[in-house]
1. Is there a quick way to get the dipole size of region 31-188? I mean about its Cα centre, with the Cβ of Lys and Arg at +1 and of Asp and Glu at -1; what is the value in debye to the nearest 20?
2. For residue 121, which sequence-distant residues (separation of 5 or more, or a different chain) have an amide H within less than 5 Å of its own amide H, given hydrogens modelled in the peptide plane?
3. Size of region 80-188 along its principal axes in angstrom, Cα-based, largest extent first?
4. Which is farthest toward the positive dipole end of the chain among 89, 186, 47, measuring Cα position about the Cα centre, with Cβ charges +1 (Lys, Arg) and -1 (Asp, Glu)?
5. If you average the sequence gap of Cα pairs under 8 Å that are 6 or more apart and divide by the length of the chain, what percent do you get for the contact order?
6. Which of the three applies to region 11-182, rounded, prolate or oblate, going by the alpha-carbon gyration tensor with a ≥ b ≥ c and a/c under 1.5 meaning rounded?
7. Setting aside same-chain residues fewer than 8 positions from residue 39, which lysines have a Cα under 21 Å from its Cα?
8. If I compute solvent accessible area with a 1.4 Å probe over the protein chains, what percent of it on the chain is carbon and sulfur?
Amino acid sequence: MVKKIVQIGDPVLEQKCDKVDPKDPKIQELINDLIDTCKEKEDITAGLSAPQVGEKLRICICRRTDLEEGSEKPLPSETLWEVLINPTVKNSSKKTSTYWEGCLSIGEGPEGLYGPVARPEEVTVEFQTRTGDKKTLQCSGFFSHVVQHELDHLEGVLFLKYISDPDTIWKGKELDKYYSKHGEYPPV
Ligand SMILES: [Zn+2]
């Protein structure tokens, strides 16, 4: 079931989330709902976390943008939407990279807010899959940002926290205008 996205200002987005048992049927149902919601917003989203649909739980969905980049065919849904349960960062690189980030909980589409965020270039995350198995992923490039952005949600952190200069925050429609004029996003 597609869920409504909670918007900035709601306290659920500012709380540390609780660990979950992947075997709990209610958790499985929530995972299905999160994936359904990602699919519905496929054109505009790279991930979604449980607090964004009002659940203070350590579950997030990360779009495998790393696999998508190298694939000529669309990826099957189970591959595209990686389910991370009780994830933790095991390692992060000192080197950082900067990408434009947005968030479904900070407006949407033309009215959404976007900004350049610097994060560790590479991270290693450990988590449980929806079958309860342990999995480790090495993440780099934009995908690393996707994973770190979603994990932040589980700690009650939104990406705007990392932006010190408000002049670098753009509305979606302004970014789109720039993109259509220049064929790329503004340099970061
Ligand atoms: Zn977000």
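1. 360
2. 93, 95, 96, 97
3. 46, 28, 26
4. 89
5. 24
6. Rounded is the answer for region 11-182, as its axis ratio a/c remains below 1.5.
7. 3, 4, 26, 73
8. Numbers: 5020 of 10120 Å².
For the chain, the apolar C and S fraction of the accessible surface comes to 50 percent.
The values are calculated or read from the model by the stated rules, or taken from the named source; none is laboratory data. Keep in mind that this is a model prediction, so the values were computed, not measured. Here Cβ is always computed from backbone atoms with ideal geometry, including for glycine, and neighbour counts include all displayed protein chains. Surface accessibility is based on the protein's heavy atoms, side chains included, excluding ligands, DNA and RNA. Shrake-Rupley method; radii C 1.70, N 1.55, O 1.52, S 1.80 Å.
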